[in-house]
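**Student:** Would you mind keeping the following structure in view while I ask a few things?
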Amino acid sequence: MRIIMWIVALVMAIPTYGVSLVVSYLMMYWFDKFVARRILINAIVTSYRMGGDDQILDKISMLSYPMVFTIYGGKVVTDLGSVVSGFIPHPVTGEVIVATITKMADGRTLVKGTSV
């Protein structure tokens, strides 16, 4: 979906003097922030609640990985691009969760949340 959005933005950039590129960037940033707030944090908390079970998600942008730590006041310890891990407080109870988000080879995202 991202590739299609960029192609449309590039085609539309010619008559709009690049405004469509800025708009598409803002739309993708908003979408990544939405994914971090709603999908990634839920996967982390679910994994934590289930004792560290792996959660598998499809079609998640790697740009939203560090965003979830920023939004919820966590701290990124390791950021290797395809693997981001760190500490994040539980959104309800405030307990500290060790979260690891990994991009797998098949385009899926592996999310794991464990206790300290």
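Derivation of every value follows stated rules applied to the coordinates shown; laboratory data play no part. Predicted model, so just to flag it, every value in this text is computed and none were measured. Note that each Cβ is placed from the backbone with ideal geometry, even for glycine, and that neighbours are counted across all protein chains shown.
**Student:** Where nothing but the Cβ of Lys and Arg (+1) and of Asp and Glu (-1) is charged, how large is the charge dipole of the stretch 2-115 around its Cα centre, in debye to the nearest 20? Don't skip to the answer; put the middle values down first.
**Tutor:** Working: 10 positive and 7 negative charges, 33 e Å.
Result for the stretch 2-115 is approximately 160 debye, rounded to the nearest 20.
**Student:** Aspartates and glutamates within cross-link reach of Lys33: Cα-Cα under 19 Å, excluding same-chain residues under 8 positions apart?
**Tutor:** Excluding near neighbours in sequence, the set is Asp58, Asp79.
**Student:** Which semi-axis lengths, in whole Å and largest first, follow from the square roots of five times the eigenvalues of the Cα gyration tensor of the stretch 24-83?
**Tutor:** 20, 13, 11
**Student:** Run through the stretch 21-78 and list the trypsin sites (Lys or Arg not before Pro) located in a DSSP loop whose Cβ has at most 15 other Cβ atoms within 10 Å. Show your work: numbers first, answer last.
**Tutor:** On the way: sites: Lys33, Arg37, Arg38, Arg49, Lys59, Lys75; in loops: Lys59.
When the trypsin sites (Lys or Arg not before Pro) of the stretch 21-78 are filtered for loop state and at most 15 Cβ neighbours within 10 Å, Lys59 remain.
**Student:** Turning to a different aspect of this structure: So how tilted is helix 2-16 from the main axis of the chain? Cα-based, degrees 0 to 90, rounded to 10.
**Tutor:** It works out to around 30 degrees.
**Student:** Could you tell me which label, among [x] 14.1; [y] 15.0; [z] 18.8, carries the value of Kirkwood radius over Cα pairs in Å calculated for this structure?
**Tutor:** It is the value labelled [y].
**Student:** Considering amide H positions built from the backbone, and no H for Pro or chain starts, which residues 5 or more places from His90, or on another chain, come under 5 Å of its amide H?
**Tutor:** Glu95, Val96, Ile97
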